[in-house]
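Written out below as structure tokens is the structure these notes cover.
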Amino acid sequence: MVAGGLSLDAPVSEIMSEELIVRKSDASFSDLYLCMIKNRLHHLVLTKDGTSQSPVTGIISDHDVLLSMGNSPAILIHALLNTMDLDEMKSIRLRAEQMLRYYLENEVAMDFVASVMTEINDVIISQARIIALTKYRREYPEMEGIKFCFLSLGSEGREEQLLRTDQDNAIIYEDVPQELQDKAAEFFLKIGVEMVEVLIHCGISPCPGNIMASNSKWVQPISTWKDYFSEWILRPTEEALLNSTIFFDYRAIGGTNFLADQLTDHIYEEVRKKHFFLNFLAKNAYLKPAPLGFFRGFMVERSGEHRDQFDIKARAMMPLADLARLLVLSHGVVGINNTFKRFEKLAELEPVNQELFIQAGKAYEILMRMRALEGLHHENSGRFIDPESLGKLHKQLLKNTFTPLLELQELVKVRFQLDYFSK
């Protein structure tokens, strides 16, 4: 009435909807939810016998649907913050995936989806930290006041872990006097083991390469972490470059963030002094497996468990993530880990390549959505996709994401003189 400027005396018939879609009040939840999705309804009227001629018994809204499932982000986060029970935490994370499915199927913006899921994952990690400290603090009173922080690496470090794929993490703590070094190493490793166990209990798989805070190699004081990165940058072996693709995307969660900031400052100073390291990173990014074959067909696995399936992570997502990381590093940009946000920043920094970077960011969002939907459908990581299961439109959509990838690889080839570098 306000929008139409109608009189308060106007009859209801002038503004009401007619031929309402209604359902019976005792209908199953799935039927009601499906009805609302199919008919794009924000509100659904419930009647006694399911016809528009019987008495109204209630109205549900799409917001009510999410709340009834407990799948509002605020509700899920509130529930996590108020429990230390591992089974309950696992259940809440499962409900978060129901919310994720709803967001993806209704094409909610990926930056919002990724932010929500990241926040939920971060709260779980923060609770895991409290659980671990509560368990071991009294046993190690000399560690009281020693600063540390938990580092999420890889996709979680980039704020891109939508599904409960395997974890990559580490712990960094401040340097301690020599007489406390053994105690500190013992204490923080126990903290790391406990936190990793909590994450595993919540359904987040352990890292196959054991890059986790339960591995003593990745639970170290800041001086050792600085030595690690200096060595990787000075001597970029194949293993060092592999570590770089994982560890350069770290993000501090809980604890003392200034330790991570100190490490970041050290890394960028080392890269600035040894700029040639970027050429090795560029070569590594350029030589990633091609997504398409000579005849423009998908490059699928030729043997093993995933034979005839397309590896969307190795052949599409990781090459784009590697290229974004490389180019952001070359500009000395600090504090942006997320891949499509990196491309947004690059578009701002390089107006001449603005359109390419914008398209690359959009391509990465499409790939994230496709992988997450695939994973939810098959209840796995979504990494391997059967091209034959895709419709013509989705096949073309996937292939379209390869165009900015290939163009970026050519840009990097020229910019970092890879023809000369490989000789």
Among the numbered criteria (1) under 30 Å from P73 (Cβ atoms); (2) out of contact with any strand residue (DSSP E or B) (no Cβ under 8 Å at 6 or more places or on another chain), which one does I171 miss?
(2)
Answer yes if at least one residue in region 176-192 is modelled with pLDDT of 95 or more and under 17 Å from the mean Cα position of the chain (by Cα), and no otherwise.
no
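Answer yes or no: is there a residue in region 96-103 that is in the same structural domain as I77 (by TED's automatic domain parsing) and within 25 Å of G255 (Cα to Cα). So that I can check it myself, show each step before the final result.
As a first pass, look at region 96-103 and keep what is in the same structural domain as I77 (by TED's automatic domain parsing): 96-103.
So of that shortlist, the ones also within 25 Å of G255 (Cα to Cα) come out as 96.
Within region 96-103, one or more residues are in the same structural domain as I77 (by TED's automatic domain parsing) and within 25 Å of G255 (Cα to Cα).
Can we say R40 is of a type in the set (K, R) and either in a helix (DSSP H, G or I) or at pLDDT below 90 (or both)?
Details: of a type in the set (K, R): yes; either in a helix (DSSP H, G or I) or at pLDDT below 90 (or both): yes.
Yes; evaluated as a whole, the condition is true for this residue.
Can you tell which of T264, T245 is of a type in the set (V, I, T), out of contact with any Asp or Glu (no Cβ under 7 Å at 6 or more places or on another chain), in a helix (DSSP H, G or I) and assigned by TED's automatic domain parsing to the domain that holds E194? Break it down into steps so the answer makes sense when it comes.
Values: T245 fails: out of contact with any Asp or Glu (no Cβ under 7 Å at 6 or more places or on another chain).
The conditions single out T264.
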Would you be able to say whether some residue in region 244-253 is free of Cβ contacts under 8 Å to residues at least 40 places away in the same chain and either closer than 30 Å to Q396 by Cα or among the hydrophobic types (A, V, I, L, M, F, W, C) (or both)?
no
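If the requirement is being under 24 Å from Q127 (Cα atoms), of a type outside the set (G, A, S) and surrounded by fewer than 22 Cβ atoms within 10 Å (Cβ to Cβ), which of these qualifies: E238, E194?
Working: E238 fails: under 24 Å from Q127 (Cα atoms).
Answer to the check: E194.
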If you check V328 against the conditions, is it without any contact (Cβ under 8 Å) to a residue 60 or more places away in the chain, surrounded by fewer than 14 Cβ atoms within 10 Å (Cβ to Cβ) and either assigned to a helix (DSSP H, G or I) or touching a strand residue (DSSP E or B) at 6+ places or on another chain (Cβ under 6 Å) (or both)?
no
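Suppose the filter is modelled with pLDDT under 85 and not in a loop (DSSP other than H, G, I, E, B); does S7 pass it? Give the derivation first.
On the way: modelled with pLDDT under 85: yes; not in a loop (DSSP other than H, G, I, E, B): no.
No, not satisfied.
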Residue check, F248 among the aromatic types (F, W, Y) and farther than 23 Å from E407 by Cα
yes
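For region 135-145, how many residues are outside any loop (DSSP other than H, G, I, E, B) and surrounded by 15 or more Cβ atoms within 10 Å (Cβ to Cβ)?
Going through region 135-145, the residues outside any loop (DSSP other than H, G, I, E, B) turn out to be 135-136, 141-143.
The next check asks that each one be surrounded by 15 or more Cβ atoms within 10 Å (Cβ to Cβ); those that pass are 136, 143.
Qualifying residue count for the region: 2.
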Given (1) in contact with a helix residue (DSSP H, G or I) (Cβ under 6 Å, 6 or more places away or on another chain); (2) in contact (Cβ under 8 Å) with a residue 60 or more places away in the chain; (3) not in a loop (DSSP other than H, G, I, E, B), where does A363 come up short, assuming only one miss?
(2)
Pick from A132, A128: which is of a type in the set (G, A, S), touching an Asp or Glu at 6+ places or on another chain (Cβ under 6 Å), modelled with pLDDT of 95 or more and under 22 Å from S205 (Cβ atoms)?
A132
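The values are calculated or read from the model by the stated rules, or taken from the named source; none is laboratory data. The model shown is predicted, which means the values in this text are computed figures rather than measured ones. Glycine also receives a Cβ, built like all others from the backbone with ideal geometry; neighbour counts cover every protein chain displayed.
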